[in-house]
Amino acid sequence: MIDTVLNFVNCSRASGLRISSAEVLDCMRQLEYIDVLDHTLFRDVLRANFAKSRREQGKFDHLFQLFFHEMRSEISIPHSDSLTGVIDFVLESVEASLDGDQALPAVVDFLKGDPLNYLQEIRNLQNQQPDSAAGFNSNFGPLVRRLEILSQINAVSAAIDRFMIEHRTAISWENRKALSVHLKNRLENARRMLREEPEDYQEMQPQGESYEQYLGKLGEKTFFSLTRKEIEEMRETIEQLVRKLKDTVQRRYAKQSRGTLDIKKTLRIASRYQGIPIELVFRNKPKRKGKIVTLCDVSGSVWSAARFMLNMLYSLQDCFLKVNSFIFVSDLAEVTGVFEKYEVNTAIDKALKEADINYEAATDYGSMLRQFKKHQMDSLNKKTTFIIIGDGRTNYTNPEETILEEIRDKCRRIIWLNPESKMFWYTGDSRMRTYEKYCNEVRHCQNLNQLLEFIKTLVL
């Protein structure tokens with residue numbers, strides 16, 4: 001075991017790892033307290049002593065795999081011990097038959113199971129400076145050397161094939177087959193190491209996405225496909241977005257609290273004071289806060305979008321004069337008081353439990369509009385933005401689109417947010433084609449990014 005570890009240390013040093021004698025002694029003492037046959041534990045002890053940085057950990061894992069697995073693969077025939085001498089004889093004969101540079105002995109040693117010299121050749125190749133004579137930052141020199149080593153590997157491979165053919169009678173068919181497979185595997189390992197240089201740790205590690213990228217991906221997921229954990233994360237995200245929007249709105253109103261400066265009137269009055277603008281005249285008072293009325297379909301996946309919409313609207317209610325909310329399936333129920341009394345997320349859950357609504361009923365937009373006209377029509381005025389959140393599926397009942405036309409005439413505008421995929425808007429019992437004629441704006445809104453875009457246009 002000591003010789004094996006020392007050989008691994010030599011190969012690691014040849015590959016560029018910095019390993020001191022003290023670290024080797026510490027490692028050998030620690031190996032006395034573990035079961036060295038436990039592969040994971042053995043690797044972890046060596047890794048803790050010999051890889052001192054994250055960058056070196058990637059190179060260590062590569063060397064450990066090579067030395068203790070790829071270079072220690074046994075020949076899978078019953079009498080493999082008797083072939084050890086045959087392997088040495090074959091490779092010595094091949095080496096003697098070839099004329100090559102210093103890479104040839106390194107390749108032969110690699111096939112024998114000693115990767116030290118070959119690792120040193122690869123390290124020299126990686127440390128070779130670009131050939132300035134061939135051009136600025138040219139890698140022509142390293143490329144030529146890489147091709148020379150590859151030609152030595154190919155020459156050894158061809159010589160082994162010739163040797164097997166010439167000595168077919170001296171070596172049994174089973175042994176020749178096992179030798180060929182064994183040596184070809186190691187030749188392929190040598191080519192792979194030459195072709196694929198070990199990458200830096202930063203390149204080997206999967207590139208983690210930033211928090212903003214993660215939120216962007218989360219914002220693209222449809223509301224009804226979110227997990228419980230993702231819903232909680234999205235609530236935190238909404239709180240951050242709401243704070244930013246509030247700050248933006250407050251700055252806007254602070255800046256325009258007195259309107260914009262009227263230059264003409266200011267200069268006209270300044271003539272009374274010898275041209276000194278003592279009195280400033282402002283005009284165009286800022287827009288007053290609008291009123292919001294929302295009607296939210298709480299059937300099926302539509303409610304998944306409605307709850308997030310209500311969450312943002314009530315979190316931003318400081319930006320509006322009033323936010324009135326209604327939920328419906330076929331019957332209509334006002335939940336404004338619940339939102340004013342409780343925190344928004346608690347209010348959403350409480351509204352669902354306490355609202356006088358039959359959630360088992362079939363969705364009926366016509367019935368909802370008739371009830372709104374009967375009890376809530378007087379609450380609308382020209383400052384009201386009327387928002388409907390739903391898929392517009394009426395279960396083939398009367399859509400009552402004329403009532404929606406009356407609502408449009410009484411309020412500032414009607415906005416319809418549909419969380420259903422656009423390809424299904426005009427299919428089956430959907431009456432979106434009928435309703436959209438009476439809406440000032442129809443938006444597809446099935447994820448957080450689309451909802452945020454709408455809220456920004458609504459608030460700002």
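All of the numbers you see were taken from the coordinates with simple rules; none came from a lab. From a predicted model like this one, the values you see are computed outputs, not experimental measurements. Don't worry about glycine lacking a Cβ; one is built from the backbone with ideal geometry, like all the others, and counts go over all protein chains shown.
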### Task
Arrange LYS59, LYS422 by Cβ neighbour counts within 10 Å, fewest through most, would you?
LYS422, LYS59
### Query
Among rounded, prolate and oblate, which fits segment 383-428 when a ≥ b ≥ c are the square roots of the eigenvalues of its C-alpha gyration tensor, a/c under 1.5 means rounded, and a/b larger than b/c means prolate?
oblate
### Cut-off under 5 Å, modelled amide H: who pairs with ASN324 long-range
ILE292, VAL293, THR294
### Query
What's the extension gain from LYS112 to THR427 if we count 0.36 nm per residue and subtract their Cα-Cα distance?
106.2 nm
### Task
Go ahead and run the numbers for FRET between HIS62 and LEU267, Cβ-Cβ distance against an R0 of 56 Å, rounding to 0.05.
0.10
## Note on the structure
Fraction of alpha-carbon pairs in segment 312-409 farther than 23 Å apart, rounded to whole percent, equals 30 percent
### Message
Whole angstrom only: what separates the Cα centroid of segment 286-360 from the Cα centroid of segment 365-411?
### Response
16 Å
## Note on the structure
Amide H neighbours of ASN395 at under 5 Å, excluding residues fewer than 5 places away on the same chain, with H built from the backbone geometry, are none
### Message
List the pairs from LYS350/LYS456; LYS221/LYS350; LYS244/LYS373; LYS341/LYS383 whose alpha-carbon separation is above 32 Å, in the order I gave them.
### Response
LYS244/LYS373
